[in-house]
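Asker: Just passing along the structure, written as structure tokens.
Only the coordinates and a few stated rules stand behind these numbers; no lab work does. As the structure is a prediction and not an experimental result, all values here were calculated from the model. Every residue, glycine as well, gets a Cβ built from its backbone with ideal geometry; the counts of neighbours run over all protein chains shown.
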Amino acid sequence: MNNRATKLLIGIVSISFALLLAWRIGLWLEPEQGPAGSTALAPPTAKAPPFASSQAGDKLPFELRDVQLSADKTTVTGIGIVRFDITQAEIRPATEAMLRAVKQKVPAAKRISLTLRPTVECPVCTIAETEYAAGKVTIRYGIPSLGQIDAANALIGTKKADGTVDDRPRLYLPDGKTFAAGLAVTLAIAKARQKNAALTDEQLLEQAANATGLPYSVVERYRDFMDAYYTGNTYGSESFTLSPG
């Protein structure tokens, strides 16, 4: 088998693994139906059971993982796992359901901090950050709304104030293929950076290309999309009072 064929095989295996990972953490297109009409997520990759799992609405399954409580149980932090293709408009109802789930299990909680991600394996793939205190909720959005996607894409190819051309990555709601490949690239870059923090951006991309078997230009494209789409908290925020539900 020649070197090109070997890299292609490695790339197929890497993407297949990422697809399996996305499915196993329950973030594929539909939640799995449990007994007696209940809804359960597909088996997660993590060995420990989730702190809580349920769903908000018809297609918003979630899990709470890596939950930490203060000694007096008044402060709670954790990770909320949601679908990779959740829209910004769906984040608020999902967040409200998560907060109520925490309050139900930890009645003494007065301050709750949750980071929403599509998988615990990708700490940089942050969808939103949520803070709850004294009944007030603040959500800082890490993914764009449909309007923000259109506005950002409209700027591609236009000239900036400094005269350079705007070459930002095109945004869109990610499908399974995009997320799987993007996740594989993101994890490969993170692993390379962990091994050698001194690597340049170009070297990190080369390492990811070698690890996934994908061409350098494809790795760069997926890296740029993931960085621009899952930003953590750069797409605005809103605050509201949590209703009893």
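Asker: Fully extended, how many nm does the chain gain between residue 170 and residue 87 (0.36 nm per residue separation, minus their Cα-Cα distance)?
Answerer: 28.2 nm
Asker: When you count, for each residue, the other Cβ atoms within 10 Å and take the mean per peptide, how do 67-74, 142-149 rank with the highest first?
Answerer: Peptide ranking by packing, descending: 142-149, 67-74.
Asker: What does the highest-first list of 204-214, 181-191, 86-96 look like by mean Cβ count within 10 Å?
Answerer: The most tightly packed comes first, giving 181-191, 204-214, 86-96.
Asker: Applying the Karplus parametrisation 6.51 cos²θ - 1.76 cosθ + 1.60 with θ = phi - 60° to the phi angles of segment 149-165, what ³J(HN,Hα) value in whole Hz is obtained for each residue in order, glycine and proline being reported as x?
Answerer: 4, 4, 5, 5, 5, 5, 8, 5, x, 7, 8, 7, 4, 8, x, 7, 8
Asker: Right, something else. Got a sec? Charge dipole of segment 192-239, +1 on Cβ for Lys and Arg, -1 for Asp and Glu; which of 237, 212, 222 is way out at the positive end?
Answerer: 212
Asker: Give me the Å³ per residue figure for the convex hull around the C-alpha atoms of segment 96-140.
Answerer: It is 77 Å³ per residue.
Asker: Work out, step by step, the length gained on full extension between residue 134 and residue 148: first 0.36 nm times the residue separation, then minus their alpha carbon distance; give nm to one decimal.
Answerer: 2.0 nm
Asker: In addition: Could you give P(r) for segment 127-245, binned at 5 Å from zero, as whole percent values over all Cα-Cα pairs?
Answerer: Pairs per bin, as whole percents: 2, 11, 15, 16, 16, 15, 12, 7, 4, 2, 0.
Asker: Quick one: check the C-alpha center-to-center distance for segment 229-244 versus segment 192-228, whole angstrom.
Answerer: When both Cα centres are located, 29 Å separates them.
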